[in-house]
1. Once the piece of chain linking LYS139 and ASP124 is laid out straight, how much longer is it, given 0.36 nm per residue of separation minus the C-alpha distance between them?
2. Would you kindly state how much longer the chain becomes between GLU132 and ALA69 on full extension, computed as 0.36 nm times their sequence separation minus their alpha carbon distance, in nm to one decimal?
Amino acid sequence: MNKGGVGLGSGGGGAGSGPTAAAAAAAAQKQKNLFQRVDTDIGHIVDNFGLLVNAARVNEPPVRNSQEAFMMEMRAARMVQAADSLLKLVSELKQTAIFSGFASLNDHVDQRIAEFDQEAEKTDRMLASIAEEAAASLKDLESHYYSSAERKSQPP
């Protein structure tokens, strides 16, 4: 069945470390396990189908037909179990895709929040600087105004 290297892989050769490298290794191991489960389940379906077809041959002795009917039921039940296992695997893959998508989306949101927090701090510092300059300028203007000849010449 499918044993190729298509999919997640383990990254670019061990250059990374920390949580990202551990996550990549865990993803590669999970992918390997999923491929093994797919191969096993499909192999069981194919094997049991072949044995079911072989047991479906019509023979004359009635005892043999009862045994063959039991074997056919058993093989069919095993095929159903393997198919059910594949359906569970598909469900697990869907959940993994959904939740890993949310995880990366959450990471992106957290990154954007950090960027906006930095911008907010930068803006706050800039506004504080502008406020200090405005206060200093206002103080200079007030001192010029109160010491100016114009003000002294105006009646109260």
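Every number here is computed from the coordinates shown, using simple stated rules; none is lab data. Computed from a prediction, not measured in an experiment: that's the story for all the values here.
1. So the extension gain works out to 3.2 nm.
2. On the way: separation 63, 0.36 × 63 = 22.68 nm, distance 9.36 nm.
This chain segment gains 13.3 nm when fully extended.
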